[in-house]
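The values are calculated or read from the model by the stated rules, or taken from the named source; none is laboratory data. These figures come from a predicted structure and were not determined experimentally. Glycine gets a Cβ as well: all are built from the backbone with ideal geometry, and neighbour counts include every protein chain shown. Surface accessibility is based on the protein's heavy atoms, side chains included, excluding ligands, DNA and RNA. Shrake-Rupley method; radii C 1.70, N 1.55, O 1.52, S 1.80 Å.
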Amino acid sequence: MCGIVGGVTNKDITSLLLEGLNRLEYRGYDSSGLIVLSKNNTFNRARSVGKVQNLEDNLKARDHKIEGNIGIAHTRWATHGEPSISNAHPHISKNSVSLVHNGIIENYIDLKNNQLKKGYSFSSDTDTEVIAHAIDFAMKSCSTLIASVQLAIKSFTGSYGLGIISSKYPDQIVATRKGSPLVIGVGKNANYIASDQMALLSVTKEFIFLEEGDIAEIKIDKITIYDSEGNLVNRKIITSQLKEGQVDLGNYDHFMQKEIFEQPQAVRDTLESRITNDSVVISAFGYKAEKIFSEIKQVQIIACGTSYNAGIVAKYWLEDIAKITCNVEVASEYRYRRPILLNGTLFITLSQSGETADTVEALKTAKKINSDISTLCITNSAESSLTRLSDLTFLTHAGPEIGVASTKAFTTQLVALALLACSIGKLKKSINKKQEKGIVDGLKRLPGLINEALLQETQIKKLSTRFKNKNSALFLGRGTMHAIAMEGALKLKEISYIHAEAYPAGELKHGPIALIDENMPVIAIAPNDELLGKLKSNLHEVKSRGSQMIVFEDENSKVESMDAMEVIPITSNLGRITAPIIFTIPLQLLSYHVALIKKTDVDKPRNLAKSVTVE
Ligand code: AGP
């Protein structure tokens, strides 16, 4: 969702704020803004609608430079109030308090009505402005900024990551978080805040990850942190393993393109130390994993979007390989049901960011329903809410994923889930040593197989022209390929704005076949598995209704090409683990090239944000 960056230094902070905003733009790009306390302790603010570039242009066009040693900045993904200058952050109350906010204040209407009675006026439609006024009001009865914030936040229901400055306390930023991520960057003659460590990599590698409810007073040479109970606490400083270059485009045109091509390395990194010559390393899931996995009786997977699609693939694997019941559900539904959670459940959350609000809340709900369950999160983010809340963590080592459309996070999640199915299967003795070795061998082949699949780019690029004037597309697959078809459809929707649906190929005749005519391209995935014969019959049914088809096949599938049907062999001899991962690649490339033809903003598609940290 929204991105936050801020700092207190002995130099001008403005360029760092802009650099941070550029790195955070993937989190939201409806508007952006920054505010700096100038030498005479007055606020100097700039805000623009749209991309950070517009804010940069706005700053360049000014007669007076915005300069100062302390400031905060924000990229917005609109929740309350349209994208407009007045709704852009930072917000100000009475020239005394200014802040940036990530999250949602659910009771803002009640707070606003109260504040109107107290004489406060509002210049935006956001839920954020009430926070600024509440802090300003609290300052009347408190002797420090941090005490004012501590008092004000007591009245909020909802989630927040906040960076706050005050003209009355010009030497500090106060930062606090509940339900939204916030880190402190520890610098030399400087300290910083950000919603994501990536914003600060050019100035520091040392980070303090605030815990739920923490509040911090950040001065140039001192950081003081209190927990949600008001106790003074010491939080560890962690050295980030992220490299600055990892968040740059390099020779690529788009982050999504870069991330698609990084997949061989991302998979290699995710497998490193997680497999030996012929077996899986169960402790890769945590030192308690062996005990927990041996005792579990069923699995519940919770996730959103692309991560949910990975969960569907895992259901097939867990039931097939580990012989354990597995349910998969989207987090936004699960958290509001009254689900039954039996003892012996392994509750797995899947999330690239580890911060998706629905997934985090679903996990909290599950722990409330049955505190005896064991929890595992599979995430790409080491210091995230999910890792803190889970008994076990498996980190996918995909590296930072900036493109809003998830690519390498998905394939590395699948790698993690394959390792999981194999680990549980091994402990439950549903697979023998030979079968385990077979899975491990398949995993080892993945980087090479992904490289082979990437070689099909030229052909896929040619085919993408067929989608220039199309408004809909249908993706078909059977078994795990249905989940891969779902992922292909999601990618196409997200970045090319073409309506796309995925269906299990056998379900076509129960309704969706009525949609098929020459204007409905159909994309099918044809691995060489036990369902191939049935899939081929489904392809005939589609073909005879006049559709233009694209079939991605295993070379050994030998799908017979017909008129207006393009059959593209991706590679050969794929197995039950390798096939879903490999067939993801052509679908990613297809959506990428269609988006280029449609001239959309590939890395920042409209209305979306990278990590959905609000409901
Ligand atoms: C994928 O391309 C999406 N942009 C989106 O569906 C994403 O997968 C979803 O929001 C879940 O995010 P997470 O994995 O960070 O929890």
Sorted by accessible surface (1.4 Å probe, heavy atoms of the protein chains only), largest first, 304, 326 come out as 304, 326
Relative contact order in percent for segment 455-615 (Cα pairs under 8 Å, 6+ apart) equals 28 percent
Expressed in square angstrom to the nearest 10, the accessible area of residue 337 with a 1.4 Å probe stands at 100 Å²
Put 221, 136 in order of accessible area, largest first, probe 1.4 Å, and you get 221, 136
Taking Lys and Arg as +1 and Asp and Glu as -1, residues besides residue 136 with C-beta under 11 Å from its C-beta add up to +3
Toy charge model, Lys and Arg Cβ at +1, Asp and Glu Cβ at -1: the chain dipole around Cα centroid in debye, rounded to 20, equals 520 debye
antiparallel share of DSSP beta bridges within the chain, to nearest 5, in %, is 60 percent
Diffing segment 520-530: the Karplus 3J(HN,Hα) column from phi (6.51, -1.76, 1.60, θ = phi - 60°), in whole Hz with x for Gly and Pro, holds 10, x, 10, 10, 10, 10, 10, x, 8, 10, 5
Calculated from DSSP helices alone, with each H run of at least 4 adding -39500 (n - 2.57) and the total divided by the residues of the chain, [θ]222 nm to the nearest 500 comes to -10500 deg cm²/dmol
Per DSSP loop assignment and a cutoff of at most 16 other beta carbons within 10 Å, the chain keeps its longest run without exposed chymotrypsin sites (Phe, Trp or Tyr not before Pro) at 337-496
Of the residues 551, 418, 184, the Cα lying farthest along the dipole of the chain towards its positive end, which is defined by charges on the beta carbon of Lys, Arg, Asp and Glu, belongs to 184
Ignoring ligands and nucleic acids, residue 385 exposes an accessible area, probe 1.4 Å, in Å² to the nearest 10, of 10 Å²
The correct ranking of 482, 74 by accessible area at 1.4 Å, largest first, is 482, 74
Restricted to pairs 8 or more residues apart or on different chains, the lysines in segment 91-214 with C-alpha atoms under 12 Å apart form a number of pairs equal to 4
With a 1.4 angstrom probe the carbon and sulfur portion of accessible area for segment 455-615, in percent, totals 47 percent
Sequence order, segment 257-269: Karplus ³J(HN,Hα) from phi using 6.51 cos²θ - 1.76 cosθ + 1.60, θ = phi - 60°, Hz rounded, Gly and Pro as x, gives 4, 4, 6, 4, 7, 7, 4, x, 6, 4, 5, 4, 5
Cα gyration tensor of the chain diagonalised, 5x eigenvalues square-rooted, in angstrom largest first, produces semi-axes 45, 28, 21
Over 32 Å (Cα to Cα) among 534/599; 468/610; 426/536 -> 534/599; 426/536
Expressed as a percent, the accessible surface of segment 45-91 that is carbon or sulfur, using a 1.4 Å probe and the full set of protein chains, is 46 percent
With every protein chain kept in place and a 1.4 Å probe, the chain has an accessible area per residue in Å² of 39 Å²
Given unit charges at Cβ for Lys, Arg (+) and Asp, Glu (-), the dipole magnitude of segment 455-615 about its Cα centre in debye, nearest 20, is 420 debye
Expressed as a whole-number percentage, the relative contact order of the chain with C-alpha contacts under 8 angstrom and at least six residues apart is 12 percent
